[in-house]
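Have a look at the structure below before the remarks.
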Amino acid sequence: MPVNEERVPSLAPRAGTPWMTGTLVAVMVAMWIALEQHGGSTNLQVLLRAGAQENILIWSGQWWRLVTPIFLHYGVLHLALNTLALWFAGSIVESTFGHLRLLLIFFLAGVGGSLAELLFDPRSHLITVGASGAIFGLFGALLYLGTLVHQRQNWGGFLRSVLLTVVLAFAYGFLPGSDINNYVHAGGFLTGLAVGATLGVPGYPGQTWQRFFGFLLLLSLGYLVLVSWPVPLF
């Protein structure tokens, strides 16, 4: 006797070039080349002129520094690690969530990471650059994806890999002498999880409560920013 099976869309990465992810990688490489040609990507003054995050400057009104650091990297190793991570995570997010959702998750998570650094270390003179917050946001979206489908499509191993990557990266950030900014990572990860869950995966059924959870998380993060803001907004 035939058995009726629930049919759901496959979330295996679809065929096709992840051109949006490739574009983001290309922009980062182009920015690194420009830094090298104008004094070097490890020159702090060059990074500051290019838009690196420096919280005192942001509080003075240079709000663009919440966005521009996403595309700047300190040296070729930093660039290589982040572009490889972006290609891995971004390709999967783009092929499942879609091009526009990838872009929204990437940018909002990047800004979320910058805001976390700004609010939890507001008077820091440290210079922060890199796409780590935005990339952790993509991992947050992948966590939502793995949670959504792991029982139906045997993504348990994938879900564990995402969690292990995130945990190891956070652990490394706590090591003595580490130059990893866990504020940026945490802000980016939570923002990416919230935005990814709120937007949802196109064509996949039964996401109502998961998307509602994502929306609540997004509202909670926004409220946290408002109550943590050190100066009156109104």
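The values are calculated or read from the model by the stated rules, or taken from the named source; none is laboratory data. Owing to the predicted nature of the structure, the values given are computational and were not obtained by experimental measurement. Reconstructed Cβ throughout: ideal geometry from the backbone, glycine too, with neighbour counts over all protein chains shown.
Any idea which of 68, 42 is farther than 24 Å from residue 137 by Cβ, of a type in the set (Ser, Thr, Tyr) and in contact with a helix residue (DSSP H, G or I) (Cβ under 8 Å, 6 or more places away or on another chain)?
Of the residues listed, the single one that is farther than 24 Å from residue 137 by Cβ, of a type in the set (Ser, Thr, Tyr) and in contact with a helix residue (DSSP H, G or I) (Cβ under 8 Å, 6 or more places away or on another chain) is 42.
So which of 107, 139, 88 is aromatic (Phe, Trp, Tyr) and more than 10 Å from the chain's Cα centre (by Cα)?
That would be 88, the only listed residue that is aromatic (Phe, Trp, Tyr) and more than 10 Å from the chain's Cα centre (by Cα).
Is it true that some residue in segment 177-199 is at pLDDT below 90 and under 21 Å from residue 97 (Cα atoms)? Break it down into steps so the answer makes sense when it comes.
To start, the set of residues in segment 177-199 that are at pLDDT below 90 comprises 177-182.
From what is left, the residues that are under 21 Å from residue 97 (Cα atoms) are none.
There is no residue in segment 177-199 that is at pLDDT below 90 and under 21 Å from residue 97 (Cα atoms).
Within segment 123-142, does at least one residue satisfy the condition of being of a type in the set (S, T, N, Q), buried (at least 23 other Cβ atoms within 10 Å of the Cβ) and not in a helix (DSSP H, G or I)?
Step one: filter segment 123-142 for residues of a type in the set (S, T, N, Q), giving 124, 128, 132.
When the remaining residues are screened for being buried (at least 23 other Cβ atoms within 10 Å of the Cβ), the result is 128, 132.
Then drop every residue that is not not in a helix (DSSP H, G or I), which leaves 128.
Within segment 123-142, one or more residues are of a type in the set (S, T, N, Q), buried (at least 23 other Cβ atoms within 10 Å of the Cβ) and not in a helix (DSSP H, G or I).
Rundown of residues vs (1) among the aromatic types (Phe, Trp, Tyr); (2) surrounded by 24 or more Cβ atoms within 10 Å (Cβ to Cβ), yes/no style:
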residue	(1), (2)
113	no, yes
116	no, yes
158	yes, no
161	no, no
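Give me the residue from segment 37-51 that is on the phi < 0 side of the Ramachandran plot and not in a helix (DSSP H, G or I) and, out of that set, surrounded by the most Cβ atoms within 10 Å (Cβ to Cβ).
41
Among the residues of segment 199-210, which ones are part of a helix (DSSP H, G or I) and either closer than 26 Å to residue 78 by Cα or touching a Leu at 6+ places or on another chain (Cβ under 8 Å) (or both)?
Matches in segment 199-210: 199, 210.
Could you please tell me which pairs satisfy a Cβ distance under 6 Å, a separation of 6+ or placement on different chains, a first residue in segment 204-217 that is surrounded by 12 or more Cβ atoms within 10 Å (Cβ to Cβ), and a second residue that is modelled with pLDDT of 90 or more and not in a helix (DSSP H, G or I)?
Listed by first residue and then by second, the contacts come to 207/200; 211/200.
Please specify each residue of segment 168-198 satisfying the condition of being farther than 20 Å from residue 145 by Cβ, assigned to a helix (DSSP H, G or I) and over 15 Å from the mean Cα position of the chain (by Cα).
171, 172, 173
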